[in-house]
1. I'd like the full set of residues that are assigned to a loop (DSSP other than H, G, I, E, B) and at pLDDT 95 or above, limited to the stretch B:20-50.
2. Name the residues in the stretch B:47-57 that are in contact (Cβ under 8 Å) with a residue 12 or more places away in the chain and over 14 Å from B:R12 (Cα atoms), would you?
3. (1) surrounded by fewer than 18 Cβ atoms within 10 Å (Cβ to Cβ); (2) in contact with a Ser or Thr (Cβ under 8 Å, 6 or more places away or on another chain); (3) aromatic (F, W, Y): which one isn't true of A:W247, the others all being true?
4. Against the definition (buried (at least 19 other Cβ atoms within 10 Å of the Cβ) and either on the phi < 0 side of the Ramachandran plot or not β-branched (V, I, T) (or both)), how does A:G121 come out, yes or no?
5. Tally the residues that are outside any strand (DSSP E or B) and either without any contact (Cβ under 8 Å) to a residue 24 or more places away in the chain or surrounded by fewer than 18 Cβ atoms within 10 Å (Cβ to Cβ) (or both), restricting the search to the stretch A:13-42.
6. Against the condition in a helix (DSSP H, G or I), at negative phi and either at pLDDT 95 or above or within 14 Å of another protein chain (Cβ to nearest Cβ) (or both), how does B:A81 come out, does it pass?
7. It is to be established whether one or more residues within the stretch A:172-186 are of a type in the set (S, T, N, Q), more than 19 Å from A:F258 (Cα to Cα) and surrounded by fewer than 15 Cβ atoms within 10 Å (Cβ to Cβ).
8. If you check every pair at least six apart or on different chains, which have Cβ atoms under 6 Å apart with a residue in the stretch A:228-243 that is closer than 13 Å to A:I262 by Cα and among the polar types (S, T, N, Q) first and a residue that is at pLDDT 95 or above and assigned to a strand (DSSP E or B) second?
Amino acid sequence: MSSVRVLVGTRKGAFILSSDGKRDRWEVAGPHFAGWEMYHVKGSPADPNRIYASQSSGWSGQVVQRSNDGGKTWEAVDNKFTYDGVPGTHQWYDGTAHPWEFKRVWHLEPSLTDPDTVFAGIEDAAIFKTADGGKSWAELAGLRGHGSGPKWQPGAGGLCLHTILLDPSNPQRMYIAISAAGAFRTDDGGASWTPINRGLRSQYIPDPDAEVGHCVHRIAMHRSRPGTLFMQKHWDVMRSDDAGDNWREVSGNLPTDFGFVIDVNTNEPETIYVVPIKSDSEHFPMDGKLQVWRSKSGGNEWEPLTKGLPQSDCYVNVLRDAMAVDSLDQCGVYFGTTGGQVYASADGGDSWKAIVRDLPAVLSVEVQTLP
Amino acid sequence: MTIRVELPQFLRRLANIQGEVQVEASAATVRAVLDELEARYPALRGTIRDQVTGVRRPFLRFFACQEDLSHDGPDAPLPEAVVEGREPLLIVGAIAGG
């Protein structure tokens, strides 16, 4: 019988939650790396026992960990992220030039086919790659070299490259997203990049239709339709059916179209999930009611999912890397909150249950479906 | 020469170190001690000083013999009591953060 492993990164350590395919009884292991901020923990699709973790702290900076046994034991690998050439400057919050400085790894995206190859999205925004299991990292400098880099400006959380999507049908194609520069695509394995922000409108920037400067919070795709992308922007839920060349808004009847997470049902490429958040200054759900909203039509028509979720006095946030789906026959959906709960649905979102309630604030959630 | 080093608890755990470490340093300086410490415990690379610039991380400080050595520079000579093994070099994490 299949089983599921949920990898949870929190402000004070990482946790591994395990269940069989029924997904009703869970074991909680951890904390791993207690006391450290775990921005992201993700397993290799090519070898589920290979897991990578981003570990950081204000005292001692960045560490990257790797496990070869499904998270039982770990070893620190290379943590040297050196920008290619002279890093130059991006914009600071006040519009002045600010030197590019490495701060942390936000996201680790293992290759779909090779356990030793991983892409890392970092702050200040850049993408790095290892091809030796983390023993060394090198920047894919074409992204910052695109030419718009000096115009990039940080979002409130920093100038972070937080989303990396690998096209399963084309190993040369990847998508990334940066707060608050926008989305970019490469069609040559990361050598060169194109901004893909046409159709995004952001009222909070001087030119609402600018080529770069949009605060993209998350992008998701279904592996069977890699040209269709769904985006939760700072405000607005967006959709593209041409690999990001053009976007259109699909917020529809959402009560608020601000939010961070977005994901796609593994078995239904037009079924998508968001967690609406009240506003960019009030990072909590509307009216104290934690609700996942689901669209079965790829956007525009949405329904609230509330069964098992707190419907009063709930003022948590769900951060951008904190939702994931498994690949069982009935798709499991998982998300973590800044209040330390990890909620799971084993029925595509119809009903929810807290796997665990009192972890440190959750930064990221990933799922591995094991044979 | 053998230098005794005490690390903050979170770095001892990261590098799987129990208690005090004794480092065979090629010179009586913080730089030489850290060079040897990082060679022996690669997990510590980048956690005490920046890997590129060599600059000490701002939330970590170096103390010995009840003196703050943090601003003496990495090549300043360590106190005699540290060189002779009577006192450890303390690497201390700031009491800060949440």
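The values are calculated or read from the model by the stated rules, or taken from the named source; none is laboratory data. Fair warning: this is a prediction, and the values are worked out from it, not measured in the lab. Here Cβ is always computed from backbone atoms with ideal geometry, including for glycine, and neighbour counts include all displayed protein chains.
1. Here is the first cut: in the stretch B:20-50, the residues assigned to a loop (DSSP other than H, G, I, E, B) are B:20, B:25-28, B:41, B:45-48, B:50.
B:E20, B:A25, B:S26, B:A27, B:A28, B:Y41, B:R45, B:G46, B:T47, B:I48 - these are the residues of the stretch B:20-50 that are assigned to a loop (DSSP other than H, G, I, E, B) and at pLDDT 95 or above.
2. First, the residues of the stretch B:47-57 that are in contact (Cβ under 8 Å) with a residue 12 or more places away in the chain: B:47-49, B:54, B:56.
Scanning the stretch B:47-57 gives B:R49, B:G54, B:R56.
3. (1)
4. Details: buried (at least 19 other Cβ atoms within 10 Å of the Cβ): yes; either on the phi < 0 side of the Ramachandran plot or not β-branched (V, I, T) (or both): yes.
Here the answer is yes, as A:G121 does meet what is asked.
5. Narrowing the stretch A:13-42 to residues outside any strand (DSSP E or B): A:21-26, A:33-36.
Going one step further and asking which of them are either without any contact (Cβ under 8 Å) to a residue 24 or more places away in the chain or surrounded by fewer than 18 Cβ atoms within 10 Å (Cβ to Cβ) (or both), we end up with A:21-22, A:24-26, A:34-35.
Final tally of qualifying residues: 7.
6. On the way: in a helix (DSSP H, G or I): yes; at negative phi: yes; either at pLDDT 95 or above or within 14 Å of another protein chain (Cβ to nearest Cβ) (or both): yes.
Judged against the criteria, B:A81 is a match.
7. In the first step, residues of the stretch A:172-186 are kept if they are of a type in the set (S, T, N, Q); the result is A:172, A:179, A:186.
Filter again for more than 19 Å from A:F258 (Cα to Cα), leaving A:172, A:186.
Checking the rest, the ones that are also surrounded by fewer than 15 Cβ atoms within 10 Å (Cβ to Cβ) come to A:172.
Checked the stretch A:172-186: at least one residue is of a type in the set (S, T, N, Q), more than 19 Å from A:F258 (Cα to Cα) and surrounded by fewer than 15 Cβ atoms within 10 Å (Cβ to Cβ).
8. Once the first residue is closer than 13 Å to A:I262 by Cα and among the polar types (S, T, N, Q) and sits in the stretch A:228-243, its partners that are at pLDDT 95 or above and assigned to a strand (DSSP E or B) give A:Q232/A:H217; A:Q232/A:R218; A:Q232/A:I262; A:Q232/A:V274.
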